1. Going by what's in this entry, would V34 be described as under 20 Å from the mean Cα position of the chain (by Cα) and buried (at least 23 other Cβ atoms within 10 Å of the Cβ)?
2. Just one of V366, V390 is within 15 Å of L244 (Cβ to Cβ) and without any contact (Cβ under 8 Å) to a residue 24 or more places away in the chain; which is it?
3. Report the residue count in the stretch 139-149 for those that are in a helix (DSSP H, G or I) and either without any contact (Cβ under 8 Å) to a residue 24 or more places away in the chain or buried (at least 24 other Cβ atoms within 10 Å of the Cβ) (or both).
4. When the stretch 43-59 is examined, which residues are found to be under 14 Å from G266 (Cβ atoms) and surrounded by fewer than 24 Cβ atoms within 10 Å (Cβ to Cβ)?
5. Could you figure out which of (1) under 30 Å from P260 (Cβ atoms); (2) hydroxyl-bearing (S, T, Y); (3) crowded, with 18+ Cβ neighbours inside 10 Å isn't true of Y107?
6. Of these, G311, G324, G347, which one is buried (at least 22 other Cβ atoms within 10 Å of the Cβ), small (G, A, S) and over 21 Å from the mean Cα position of the chain (by Cα)?
7. Would you confirm whether or not the stretch 124-140 contains a residue that is modelled with pLDDT of 90 or more, over 13 Å from the mean Cα position of the chain (by Cα) and not polar (S, T, N, Q)?
Amino acid sequence: MYFNSEQSISPLSAKSPDRRQWAICFLCFLIIVVDGLDTSSIAYVAPVLSEAWGLGKGAIAPAFTCTSVGAVLGYLLSGRLVRQFGRRHLIAMSIAIFGTLSICTAYVDSLSILSLLRLLTAIGLGCTVPAVISFAADHSTDNHRASITIAVTTGLSFGAAAGGVLSSYLIGHFGWRSVFISGGVLALVLLPFVWKHMYETSYPSRDRAGIEKADFTSLFRDGAASATSLIWLLAFVSFLVTYLFMFWVPTMLASFGFSPTQAPLGSGAFGLGGVTGNLVLLPLVRRFGPQRLVIAMSLLAICCLGGLAFGDFHATVVLLLIAGVGAGMVTACVSQSTLAVLCYPRGLRIIGLGSAAAVGRLGSVVGPAIGGALMANEIAPRMIMLAACVPVLLVILILAASWKAERRT
């Protein structure tokens, strides 16, 4: 397993972050929150939108797929665009793009145009994430880099959770269009703060050279191949399960007695569970490492999936079980970013994060597509939840292999 030593290349000391570094990390967190909200917005409106447009079960899947495909393209483009424009300019441009297009999405009247706008919006969303996470990691100290990465990446879960609760209110009072408008406006509000505060520190010459020469083949040289393979596999499987639930749980909740306007609470519970799981990781990750902690969370997810598949519970308990699944799977998604930050040296960090996220997003394409096919073929939601235990077990095996490889190193 290939883990870099930041002691020789980090411009920051091992002491605690100062006030400016915390402020930058908080701004990065807010950007990721809005990114997570806008990414999940299509899931919030799917049940109401399908009813309003007279779409059948699973018919809205192309919009889900386009969201994930666009994010993959954004992740893959992120490293190249950072080299060309710098992270500050790229983050600002990406926020402007996905914020504006999110507002435009509120005025569509057909599934094809909706899917196209979701594709373009998600490219902006995808470009933002690796640049923001690497920016936060580079502005943290060595001892706090893993914790800062988890905290910032938690914004995706927090955005999904807050968006689910907010969307339930907005849809009930103002209709589904208000969800896209709110997400776009929140993104554009952040632009002045990005431009004012997110300026780069200078890179040491060896890091600058590494960034200029970095490409995907660099992730498989100098002993990094095994780490890259494990991180990519973890990303693919964890994103597959996470986005299957994130996109389809509002629709599946109908079989548990939830109304269409209550359905976004499922996404909110899933995201809130992810936030809670990440908060558990934060104080413990420096002592136990991310792998063992996420294995424990994944076991919790399997127990909750079993409860959903076989139990007959009150709506509150159903939401708590969904939160338990979120705690397991969202922390697995976060762990691949954390491992990438810890594994790759600064010169490879953006392309390492972007490639892992892109592979994960391929899983997020496959997951909702599988969910749509199962729903269209009238497979019971409880059976879908039971079948999801298989890839979660695979996540546990991958993390165990990563931990063993790290111990050997």
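1. Details: under 20 Å from the mean Cα position of the chain (by Cα): yes; buried (at least 23 other Cβ atoms within 10 Å of the Cβ): yes.
Judged against the criteria, V34 is a match.
2. Among V366, V390, only V390 is within 15 Å of L244 (Cβ to Cβ) and without any contact (Cβ under 8 Å) to a residue 24 or more places away in the chain.
3. At the first step, the residues of the stretch 139-149 found to be in a helix (DSSP H, G or I) are 142-149.
From what's left, either without any contact (Cβ under 8 Å) to a residue 24 or more places away in the chain or buried (at least 24 other Cβ atoms within 10 Å of the Cβ) (or both): 148-149.
The qualifying residues number 2.
4. Hit for the stretch 43-59 is V48, nothing else.
5. (3)
6. Within the list G311, G324, G347, the selection yields G347.
7. Yes; the residues of the stretch 124-140 include at least one that is modelled with pLDDT of 90 or more, over 13 Å from the mean Cα position of the chain (by Cα) and not polar (S, T, N, Q).
The values are calculated or read from the model by the stated rules, or taken from the named source; none is laboratory data. As the structure is a prediction and not an experimental result, all values here were calculated from the model. We place every Cβ from the backbone using ideal geometry, glycine too, and count neighbours over all the protein chains shown.
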